[in-house]
Structures are given as structure tokens and as C-alpha cells.
Amino acid sequence: MAYRIGVIGGGQLARMMVPPAVHLGLEISVLAEAEGSSARLAATAVGDHRDVEAVLAFARGVDAVTFDHEHVPQPVLAALVDAGVAVHPGPSALAVAQDKLVMRERLGALGVPVPDWARVHDEAGLADFLADHGGRGVVKTPRGGYDGKGVRVVSSATEAADWFAVAAEGDGALLVEELVDFRRELAQSVARRPSGEVVAWPLVESVQRDGVCAEVFAPAPRAGERFEAAAADVARTIATELGVTGVLAVELFETTDGRLLVNELAMRPHNTGHWTIEGSTTSQFEQHLRAVLDLPLGDTTPRAPWTVMVNVLGGPAEGTLADRLPGLLAAQPTAKVHDYGKDPRPGRKVGHVTVLGDDLDDAVARARAAAAHFDD
Ligand SMILES: Nc1ncnc2c1ncn2[C@@H]1O[C@H](COP(=O)(O)OP(=O)(O)O)[C@@H](O)[C@H]1O
Ligand SMILES: [Mg+2]
């Protein structure tokens, strides 16, 4: 009988797991939050990922459950485990990805280099941290943030007053970090099977705009073997020590003084790994499915010297991406186009474009030109 995989969450990550599932002959089903989700082609159920009964009913017919996002509450994860469902990544690993304060604590305990940080409960605590760090810092809500929502650069403690008010409804704490002086952002992805095998992709560079991933260059230009080895080492250590199963993406800062610091972790396929769909022998989506089903992992050798991924953020001001598709395909025959089937909205990730090439500048130019067809 075919392997059956269930994905909780119907976003574009679940959508992009569908083609490799089809290729490998896996049965994939998705628990989507609403009708018409990005992953609607595989959505066999619509339900709330916080609803234990809905999640248990969905999981009944599958061999392993995995995720499109990290927001399934711990009690729901525990209920799945109690019911005998294989959950990958497992609850204890996911707990580290769900809360940026827990993440900082665990990474620190592993000896992984991270920015200076503190748990702050009020404006006085924040003011103390800022005073010790040149008067500025980055405040983050521990839970629920994504694409820069929940991240704010501040130069006075009063600038976080609204977030302290919201945090007071929980345990009251916010995360504050030093404002890292970075040369660029990098990302290192690995995949790990429950039985322990770990495979890494090349280190990549990611460019963020307004806290959102805009472009990815693979491999990271001019990184050097020392950096590449250090990044892969850090990701392998984190995956192994936290017992991550599936894809782990580690977001990194390359500081202006040449250090590598870990920003955050994602325990699922990640935007900085979309280039692997065409650019790697095994894509992050295929690898994630293999890993969570404890199947042997695939080779990650790049298919070209350079792969460039450009996100489509927002989409066209009028009409749909489909309206622009013929023009894009005609103008950029080497571009690989991904439309997530989502309604255009300012800043929203609605698609991406990938280009492979022998010359980085040329690949960047083609990828940007292709994405522009969808974006203006
Ligand atoms: N300590 C920091 N110093 C400087 N820039 C930061 C810091 N933390 C985050 N950023 C910037 O904000 C972006 C989003 O922050 P991140 O913690 O990754 O949140 P999200 O969960 O929204 O991705 C990062 O990619 C980086 O560009
Ligand atoms: Mg991030």
C-alpha cells in the first residue's frame, strides 16, 4: 500500500509538497484552514489546526503527519502522539520553533552563536537592555510572528508599549536582541530522518525586504569553505540535538566582523529553500516527505553553478497572476514559474520565479525580469 502523508495547514508549502508526493507515489492529504487554500488540490479536509477533534479525525487515515507551519498547539500535538500518530517534526522539537524565547534558550544551551538577547517583562527591563547595547535593539513577539510581523527595531522602550500590553495576556515576556550589524543574511537547510540520517544543502544568501524574503542566491556567493562548513555544522548539530525530523532551515547573519550568528529556525520547508525545486537534485519538498516518512534521503548536488529565486510579493495591482502568465512565459523562457493560487494582496507571498545559470549576474537579471511580470 502507498505511503500516506498528512499535512496540517494549506499554504504554499503544503501546495509545493504535492508534486513530489505524486512523483514518489505517496498519498498526500492536507488539512486546510479554509476552502480555496493554496494547497486546495490536496485538501481532503477543512478544519482548524487548534481543534483536537478535527486534527485527530484528519490524522486517522495517514502514516505520518507533518506541517505547513509551526502553529499547531502543544496539547493538540500531544493528543496526536497519544493516539499513536507519527508526528514529524515531533512536539518537543516543534516547541523550540514555536517560541523565539525558547529558541534562544535552547540554542544558547547548545553553544550555538546567537545575537545578545534578553527576556524582558516590562519597559524598564527593555530600557536596561537598550542602554547596554548602544541605545537600540530588536524587539520580537515570542510567538506567532512571520515575515517580519512581530519584529520591531526600537531606540526607546516606549516603542514596545503596545506589545507589552498584548504580552501581558500571556506570560508577559518579549524577546529583545542586539541590533546585529550584518553584512548579509544566509540560510542553511538540512533534512533529518527519525533514524538519524542528516543531509545538507549548500549554504545560500537571502535578501530580506521589510522583514520578508525577497531573493535567494544559491550557493551563497563568495562564502568560502570555512563559512560553508561552519554553517552546515551548526545546522547538523541543531537538527541532531533537538531531534528535528524533516527539513530544518537555519536563518543566519554574517556579521560585518566576519562572524556567523543564528537568527531563527524553521522546522519545515522554508522560503530560502524554494530554489531547490529546480536547482537541486532533490528539492526540499521531496526531501521533507522522504524524511518524515523515514525513507532514504536524496542527493542535494546543485544542478547548475547558480540558482536564483525571486519572490513575487503582492502580485499585480489589478487582475490575477494568471493574466500575466502568457507575457511572462513568452519573455522569459528559461524561468521556472510558481503561482501559489492566492489572491494578490500588498506584501503577500503569492508566487516565486527560479532561474538556473552559469553566470550569477545573468541569472539574477533573468529572474528579476521574470518576477516583474507578476509584480507590477
Ligand atoms: N537581531 C537582529 N538584528 C538585525 N536584524 C534583525 C534581527 N533580528 C531580525 N532581524 C531582521 O528582521 C528579519 C525578520 O526577523 P525574524 O526574527 O527572522 O522574524 P520572522 O519570524 O518574521 O522571519 C530578519 O530576517 C532580519 O532581516
Ligand atoms: Mg525569519
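The values are calculated or read from the model by the stated rules, or taken from the named source; none is laboratory data. As the structure is a computational prediction, the values presented were derived from the model and not from experiment. Neighbour counts are summed over all protein chains in view; Cβ atoms, including those assigned to glycine, are modelled from backbone coordinates with ideal geometry. Surface accessibility is based on the protein's heavy atoms, side chains included, excluding ligands, DNA and RNA. Shrake-Rupley method; radii C 1.70, N 1.55, O 1.52, S 1.80 Å.
Just checking, does the stretch 181-190 include any residue being near ligand 1 (Cβ under 9 Å from one of its atoms) and either at pLDDT below 95 or in a loop (DSSP other than H, G, I, E, B) (or both)?
Quick first cut of the stretch 181-190, residues near ligand 1 (Cβ under 9 Å from one of its atoms) only: 181-182, 185.
Adding the requirement that they be either at pLDDT below 95 or in a loop (DSSP other than H, G, I, E, B) (or both) leaves 181.
Within the stretch 181-190, one or more residues are near ligand 1 (Cβ under 9 Å from one of its atoms) and either at pLDDT below 95 or in a loop (DSSP other than H, G, I, E, B) (or both).
Only one of L260, L293 is away from ligand 1 (no atom under 16 Å from the Cβ), surrounded by fewer than 24 Cβ atoms within 10 Å (Cβ to Cβ), at pLDDT 95 or above and over 18 Å from G11 (Cβ atoms). Can you tell me which? Working first, answer last.
Numbers: L260 fails: away from ligand 1 (no atom under 16 Å from the Cβ).
Being away from ligand 1 (no atom under 16 Å from the Cβ), surrounded by fewer than 24 Cβ atoms within 10 Å (Cβ to Cβ), at pLDDT 95 or above and over 18 Å from G11 (Cβ atoms) holds for just one of L260, L293, which is L293.
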Note to self: Within the stretch 117-135, does at least one residue satisfy the condition of being within 16 Å of ligand 2 (Cβ to nearest atom), under 30 Å from T276 (Cβ atoms) and not in a loop (DSSP other than H, G, I, E, B)?
What the structure shows: no
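Looking at A231, A235 in this structure, which one is within 16 Å of ligand 1 (Cβ to nearest atom) and in contact with a Ser or Thr (Cβ under 9 Å, 6 or more places away or on another chain)? Please lay out each step first, then the result.
On the way: A231 fails: in contact with a Ser or Thr (Cβ under 9 Å, 6 or more places away or on another chain).
Result of the check over A231, A235: A235.
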Check: Which of the residues belonging to the stretch 151-180 are assigned to a loop (DSSP other than H, G, I, E, B) and under 22 Å from P113 (Cα atoms)?
Finding: E178, L179, V180
Next item on the list: Identify all residues within the stretch 40-59 that are within 17 Å of Y340 (Cβ to Cβ), in a helix (DSSP H, G or I) and hydrophobic (A, V, I, L, M, F, W, C); write none if there are none.
Entry: L41, A42
Next item on the list: Give me the pairs, please: first residue somewhere in the stretch 210-228 and open to solvent by less than 40 Å² (accessible area, probe 1.4 Å) and within 16 Å of ligand 1 (Cβ to nearest atom), second residue anywhere and among the β-branched types (V, I, T) and assigned to a helix (DSSP H, G or I), beta-carbon distance under 6 Å, and either six or more positions apart or on two chains.
Entry: V216/T272
Note to self: Every residue in the stretch 164-180 that is more than 9 Å from ligand 1 (Cβ to nearest atom) and open to solvent by 40 Å² or more (accessible area, probe 1.4 Å), please.
What the structure shows: A165, V166, A168, E169, G170, D171
Item checked: Failed item in (1) surrounded by 13 or more Cβ atoms within 10 Å (Cβ to Cβ); (2) over 20 Å from P305 (Cβ atoms), with E318 passing the rest -> (1)
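So, A97, is that one within 26 Å of V151 (Cα to Cα), out of contact with any Ser or Thr (no Cβ under 7 Å at 6 or more places or on another chain) and surrounded by 21 or more Cβ atoms within 10 Å (Cβ to Cβ) or not? It would help to see each step written out before you state the result.
Values: within 26 Å of V151 (Cα to Cα): yes; out of contact with any Ser or Thr (no Cβ under 7 Å at 6 or more places or on another chain): yes; surrounded by 21 or more Cβ atoms within 10 Å (Cβ to Cβ): yes.
Spelling it out, A97 is indeed within 26 Å of V151 (Cα to Cα), out of contact with any Ser or Thr (no Cβ under 7 Å at 6 or more places or on another chain) and surrounded by 21 or more Cβ atoms within 10 Å (Cβ to Cβ).
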Notebook entry, point to check: Within the stretch 208-325, which helices (runs of 4 or more DSSP H) (wholly inside it) include 3 or more residues that are within 16 Å of ligand 2 (Cβ to nearest atom)?
Noted result: 225-242
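Here's the yes/no breakdown for (1) within 16 Å of V292 (Cβ to Cβ); (2) outside any helix (DSSP H, G or I); (3) without any contact (Cβ under 8 Å) to a residue 24 or more places away in the chain; (4) not β-branched (V, I, T):
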{"site": "V7", "(1), (2), (3), (4)": "yes, yes, no, no"}
{"site": "A14", "(1), (2), (3), (4)": "yes, no, no, yes"}
{"site": "P19", "(1), (2), (3), (4)": "no, no, no, yes"}
{"site": "S29", "(1), (2), (3), (4)": "yes, yes, no, yes"}
{"site": "E35", "(1), (2), (3), (4)": "no, yes, yes, yes"}
{"site": "S38", "(1), (2), (3), (4)": "no, yes, no, yes"}
{"site": "A78", "(1), (2), (3), (4)": "no, no, yes, yes"}
{"site": "P89", "(1), (2), (3), (4)": "yes, yes, no, yes"}
{"site": "L94", "(1), (2), (3), (4)": "yes, no, no, yes"}
Item checked: Evaluation of A131 against (1) under 30 Å from V244 (Cβ atoms); (2) hydrophobic (A, V, I, L, M, F, W, C); (3) open to solvent by 40 Å² or more (accessible area, probe 1.4 Å) (one fails), failing number -> (1)
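What number of residues in the stretch 134-149 are of a type outside the set (K, R), under 19 Å from A95 (Cα atoms) and either near ligand 1 (Cβ under 6 Å from one of its atoms) or buried (at least 19 other Cβ atoms within 10 Å of the Cβ) (or both)? Walk me through it before giving the result.
Step one: of the stretch 134-149, the residues of a type outside the set (K, R) are 134-135, 137-139, 141-142, 144-148.
Filter again for under 19 Å from A95 (Cα atoms), leaving 141-142, 144-146.
After this cut, where a residue has to be either near ligand 1 (Cβ under 6 Å from one of its atoms) or buried (at least 19 other Cβ atoms within 10 Å of the Cβ) (or both) as well, the list is 141-142, 145-146.
Residues that pass the stated criteria total 4.
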